[in-house]
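Notes to accompany the following structure.
The values are calculated or read from the model by the stated rules, or taken from the named source; none is laboratory data. Nothing here was measured: the structure is a model prediction, and the numbers come from that model. Every residue, glycine among them, receives a Cβ derived from its backbone with ideal geometry; neighbour counts consider all protein chains shown. Accessible surface areas use protein heavy atoms only, side chains included; no ligands, DNA or RNA. Shrake-Rupley method; radii C 1.70, N 1.55, O 1.52, S 1.80 Å.
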Amino acid sequence: MPKSRRSVSRGPNGWVVLWRLASQYRWRMVLLGVVSFGGAMLEAGFLVVVTATVLALAAGRETIGPILGVSMPVTVALVLSGLSVAARLGLSLATVTISTTLGAFVRTEQRRRLAHAYLRSSWSVQQAEAAGGLQELLTSFVGRINTAMNALTQAITASLSLVAFMAAGVAVDPVATVVVLAALGILGAVLTPIRTLVRKQAAISAQADLALANTVAELSALGQEMQTFGVERQFERQVDLVIDRATQTLRRLLSLHGSLSPLYTFLAYAAVVGGVSALRVFGVSSLAATGSLMLLMLRSLTYGQQLMAVSGTLASSFPSLERVDETVAHYASNAAPRGEATPLSATPIQLDGVSYAYSNDRPALQGLDFSIEEGETIGVIGPSGAGKSTLAQLLLGLREPTVGAVRVHGVDLRHVDRRWFTSQVAFVPQDPLLITGTAAENIRFFREGIDQDELVRACREANVLDDVAGLPHGFDTHLGERGTQLSGGQRQRLSIARALVGKPSVLILDEPTSALDGKSEALIRDTLAQSHGLVTTIIIAHRMSTLDLCDRILVLEHGGATAMGTPGELLATSAFYREALSIAGGA
Ligand SMILES: Nc1ncnc2c1ncn2[C@@H]1O[C@H](COP(=O)(O)OP(=O)(O)OP(=O)(O)O)[C@@H](O)[C@H]1O
Ligand SMILES: [Mg+2]
């Protein structure tokens, strides 16, 4: 049974996810720390020296200091200041390079992680993924992970700078520095409730973005229906609703996030007043020290403000981080089966007490017990919703039976090597989809080693060769986005060619001729008749004419096999078959 999204336990929180991410790039983070700390120390030294120089000049002295016991001529101090700002520039640029490289790594890595996990997940999970959802996760959500990573590197830079400034401050005047430090800590703590609100609002906003992406993806696929049913206005209203919701949630998020910095600044300046009052109470040793300290503290406040902004950014990106992590875990825990067994042959295919339920209520298939022998052609008929397509997906190993097993030459399909199995089996789905590419690319479908002759053979067998030859560039003609330049019947025949080109030993067709005219259908029937006995074929069919080819027919009704036998036997055993035949005018 596929696990539902809801059953996924809540993943680890944003900090844990971010820490896991960051620890992959441990050495770069350390380098970043060292470089930013060095830069900040240079800046702090610069501020101290410059203040002392200005004060020395104002007092008409040619020597500055002593600062921390060191005195030096003004010219030396000026040269040193100039060198330190130049070096500071170099280190700042290095910080930017390291952090942007880190961001790029993280973005690529996360996109790959998510895309690969999705591609390796089982069909039932892939199929349940809402349209547009994965796209949104891969783009905006991963974008926010990148933002979080940048915020983290900025946080490292700002914290280490703060440490460097505080260290310089302690050297100049320990008491005042400690007071300011305590004030900064309190400021950070005071704003915690707002950060929590930011995080909550960010989760709501991310959810609204996903809803918008899903709605847009769904509506954009329904253009034809929208126009023919004249429901453009209703579509507009629905789009407006999700857009409004996404905008509103984002607006709330941004205004909360935006309020953090001004609030912090207000509180920080209040703390400066406190710091100055402390100087008044405890006194200061020298004018130079006071001046330097003021500069250091003001600059520290800037870093503090940066830290505050960064913590807001982290809070707003955490829900995205958590969601991506959770989704990857969901895909990974529902990975497609990866058996290793290679049976001697892809037949016989045996169903052993097979049942399948999509959800916990009524099963879509139940109690199926039959075997398909090598070279047989089996027809599957039954009313709409009887479970025919579901049966095809079980035979293809796309879904695992909830009860029982599908066995291939005696081996449970769950244990069969997928690569081997997919080389043996081909499928024509009920709604074939083409890729954006040429006719040849669509028939090859990423499989290697299929030459031109094989393309031509497959197209001839699928009765689509004339159509392909008639295209402006033949096999190399671009078929438009997802093959939109072809008719429904042409798309269906092309997908039959796609199935036949791999020379499968088992061919499963889900209503392969539903979009074809009588003549095309007859030609496909001829093809299938030619391979009769050579390829084991399972055809789900509505048209009774297609069933002429079949050695045996399975009648599926309400998920159960109500009859199975030769057409002659079914006349006696299946009311559904008799009725279908009489509607088709056959008996
Ligand atoms: N992805 C799904 N999730 C939940 N239920 C599903 C899903 N796909 C099919 N079902 C349900 O399972 C049952 C069998 O569906 P299935 O598509 O196998 O029928 P079918 O015989 O192929 O019908 P049709 O002839 O209309 O193609 C139906 O009741 C359907 O509602
Ligand atoms: Mg179907």
Listed by first then second residue, the pairs whose first member lies in the range 556-578 and is not assigned by TED's automatic domain parsing to the domain that holds Ser371, whose partner is within 16 Å of ligand 1 (Cβ to nearest atom), with beta carbons under 7 Å and at least 6 positions apart or on separate chains, are none
Scope the range 553-567; condition part of a loop (DSSP other than H, G, I, E, B) and not hydroxyl-bearing (Ser, Thr, Tyr); matching residues: His558, Gly559
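Check the range 179-190 and report whether any residue there is within 35 Å of the chain's Cα centre (by Cα) and not hydrophobic (A, V, I, L, M, F, W, C).
yes
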Restricting attention to the range 158-171, report how many residues are open to solvent by 30 Å² or more (accessible area, probe 1.4 Å) and either touching a Leu at 6+ places or on another chain (Cβ under 7 Å) or not assigned by TED's automatic domain parsing to the domain that holds Leu212 (or both). 2
I'm checking my understanding of the structure. Among residues of the range 124-157 that are open to solvent by 20 Å² or more (accessible area, probe 1.4 Å) and among the β-branched types (Val, Ile, Thr), which one is nearest to the chain's Cα centre (by Cα)? Thr139
Would you check which residues across the range 444-455 are farther than 26 Å from Leu396 by Cβ and either crowded, with 18+ Cβ neighbours inside 10 Å or within 16 Å of ligand 2 (Cβ to nearest atom) (or both) and list them? none
Filter the range 77-123 for residues that are more than 30 Å from Glu136 (Cβ to Cβ), surrounded by fewer than 17 Cβ atoms within 10 Å (Cβ to Cβ) and touching a strand residue (DSSP E or B) at 6+ places or on another chain (Cβ under 9 Å) and give the result. Leu80
Within the range 444-484, how many residues turn out to be outside any loop (DSSP other than H, G, I, E, B) and free of Cβ contacts under 8 Å to residues at least 60 places away in the same chain? 22
Looking at Ala392, Ala405, Ala386, which is the one that is within 13 Å of ligand 1 (Cβ to nearest atom) and farther than 28 Å from Arg482 by Cβ? Ala386
The range 338-355, subset open to solvent by 30 Å² or more (accessible area, probe 1.4 Å) and over 19 Å from Ile538 (Cα atoms), residue farthest from the chain's Cα centre (by Cα): Leu344
Could you please let me know if Thr342 is among the polar types (S, T, N, Q), within 22 Å of Pro512 (Cβ to Cβ) and more than 16 Å from ligand 2 (Cβ to nearest atom)? no
Given (1) open to solvent by 60 Å² or more (accessible area, probe 1.4 Å); (2) within 28 Å of the chain's Cα centre (by Cα); (3) more than 16 Å from ligand 2 (Cβ to nearest atom), identify the lone condition not met by Tyr358. (3)
Considering each residue of the range 498-540, count those that are assigned to a loop (DSSP other than H, G, I, E, B), within 16 Å of ligand 2 (Cβ to nearest atom) and either among the hydroxyl-bearing types (Ser, Thr, Tyr) or in contact with a Lys or Arg (Cβ under 7 Å, 6 or more places away or on another chain) (or both), and give that number. 2
I'd like to know if the range 184-207 contains one or more residues that are polar (S, T, N, Q) and within 30 Å of Val276 (Cβ to Cβ). yes
Looking only at residues in the range 542-552 that are within 16 Å of ligand 1 (Cβ to nearest atom) and not in a helix (DSSP H, G or I), which one is nearest to the chain's Cα centre (by Cα)? His542
Mind checking whether some residue in the range 515-530 is modelled with pLDDT under 85, surrounded by 22 or more Cβ atoms within 10 Å (Cβ to Cβ) and hydrophobic (A, V, I, L, M, F, W, C)? yes
Just name the residue that is surrounded by the fewest Cβ atoms within 10 Å (Cβ to Cβ) out of those in the range 183-240 that are touching a residue at least 40 places away in the same chain (Cβ under 8 Å) and farther than 30 Å from Pro262 by Cβ. Ala221
